[in-house]
């Protein structure tokens, strides 16, 4: 889904609060109010979201996203209200993040929306500028996000986003019939060619290089257990900055979500967890497999998990598989090895420091320190 982001104005907090106060006064004079989330706002917020984005998200999905997460008790949501009607919002996912081995409070702006009747009045800018003071007040140490093009452009020009890096959308076609389907733009052609094309792709894939030998096993994971807590801690030595992938977070994100089904495989060697991959599918005209999350100790384990993902999607009859990767990572190299190609830039990862005493802005802005996956966004 479209997401937005924020930046620090670099003014002292007192100045930010003064500016926010002036905006609030101006809004109230024009019968518009910017205020923090209050219990009972859920229905109005969800109605706005469905109207702006043209979807039908359930209230249960809203509660999962904002109430049920490990940090769901802290709401970093503020709304634009006109005579009791919610006409705009700036919302954040509140998350635990690992930063240099420490567990810190972080935020990711999502679901930024304003009703069509209220656009063109610089109200989005007012919502954006509310973020720094409120985030600091809640104890958020830093923020990150994947803004859509419009929010990224506005943020760079007006608010000063700090870029971390460009995330690439890597893709591999499994159904050769995709070419004919795209040329004809016909759903029927694609559906007719899918069984034969997928079978051919499966035969070619399974005749490829052999799998690793030794004490390797692949487990189908229905629930994340304590093994994933220790694994997450081990991985902080590889990726100093990432969303904390402890079992509580992973179960919330990939097991408890009410509107999406995920499949998870874990790579085990000698009884020890070496990595995992989380998969989902999107059914539209094209049946697309998505690598929502993949975290592994090394490139060999990454290769093993990606091979399992390809087998899974072949069994599902998928037309293609997509995965996010930062270009400097072993994941990117392994995807290339498996004939994934660079489709386009999927998103730009941006960041924001709220606590300059605890967070080194240069370290936070270095892509070499980060691990991100599709599942770190809210669109998968």
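FYI, it's all coordinate maths here, none of it is from the lab. What you see is a predicted model; the values in this text were computed from it and never measured. Heads up, the Cβs are rebuilt from the backbone with ideal geometry, glycines too, and the neighbour counts pull from every protein chain shown.
Along its three principal directions, the equivalent ellipsoid of region 291-380 from the Cα gyration tensor extends over semi-axes of 29, 14, 12 Å, largest first.
Cβ crowding within 10 Å, taken as a proxy for footprinting-reagent exposure, orders 138, 149, 272 from fewest neighbours to most as 149, 272, 138. Of interest is the spacing of the C-alpha centroids, which for region 297-320 and region 87-104 amounts to 30 Å. Taking each residue as 0.36 nm, the span from residue 223 to residue 344 lengthens on full extension beyond its C-alpha to C-alpha distance by 40.2 nm. Each of 364, 279 has some number of other Cβ atoms within 10 Å of its Cβ, and from fewest to most they run 364, 279.
Each of 261, 65 was scored by other Cβ atoms within 10 Å of its Cβ. Arranged with the fewest first, they read 261, 65.
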